[in-house]
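Trainee: Structure below; questions to follow.
The values are calculated or read from the model by the stated rules, or taken from the named source; none is laboratory data. For clarity, every value in this text was computed on a predicted model and none was experimentally measured. All Cβ positions, glycine included, derive from the backbone under ideal geometry; neighbour counts span all protein chains shown. To get the accessible areas, we keep the full protein, side chains included, count just its heavy atoms, and leave off ligands, DNA and RNA. Shrake-Rupley method; radii C 1.70, N 1.55, O 1.52, S 1.80 Å.
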Amino acid sequence: MVNCTESPFICVSQFHIIGIQIDGEGWFVVMLILAFILTFAANFIKLKNSQISREILQYKIGAPGRRPLICKSVVWTALSTIVWIFRVIFIIGNNLWIYIVILLGNVIGTATAAHYQIKDEENTFKILINEISNDTKKQNTLKKILGLSLQRRESKIDTIRNF
């Protein structure tokens, strides 16, 4: 057993949180589990809020669909801040085992959140491709635009080469 007076950084039978010393291995394990859950959850919250932010940016300013998404984003941001505050409280406790659990929570949480997060509702590129693929006139217009763009690019490259 580690002497907690000499080595509080690696102690597993007591820890300090918000100025309170809590003794006992059972409480220590509970705090480790809580730190892991908060860190794990923070990854889902961050990913969800990022997804909502991308969806917000699909709408023009003032568009009717934008406001509800902004409200959702504010709620997720508030929840994220609350979780962050609790995680900081754990970190201030300055214990190696808490740090390791937070690292594991971040790694496992990031992988799990990315695996289970649903896809974005709309993708501008896919919408554009679907719009163009169903209309021959639009396809021809796009080909002309791309052709002019490539000609302009080649012209710039030639200018740079001749410089």
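Trainee: For the range 88-108, give me each residue that is of a type outside the set (Phe, Trp, Tyr), part of a helix (DSSP H, G or I) and more than 12 Å from Asn43 (Cβ to Cβ).
Mentor: Within the range 88-108, Val88, Ile89, Ile91, Ile92, Leu96, Ile98, Ile100, Val101, Leu103 qualify.
Trainee: Going residue by residue through the range 55-64, is there one that turns out to be outside any loop (DSSP other than H, G, I, E, B) and within 30 Å of His115 (Cβ to Cβ)?
Mentor: Within the range 55-64, one or more residues are outside any loop (DSSP other than H, G, I, E, B) and within 30 Å of His115 (Cβ to Cβ).
Trainee: Quick check: anything in the range 63-82 out of contact with any Pro (no Cβ under 6 Å at 6 or more places or on another chain) and in contact (Cβ under 8 Å) with a residue 40 or more places away in the chain?
Mentor: no
Trainee: Kindly indicate which of Ile20, Ile52 is closer than 30 Å to Thr5 by Cβ, free of Cβ contacts under 8 Å to residues at least 40 places away in the same chain and either in contact with a helix residue (DSSP H, G or I) (Cβ under 8 Å, 6 or more places away or on another chain) or open to solvent by 50 Å² or more (accessible area, probe 1.4 Å) (or both).
Mentor: Matching residue, one of Ile20, Ile52: Ile20.
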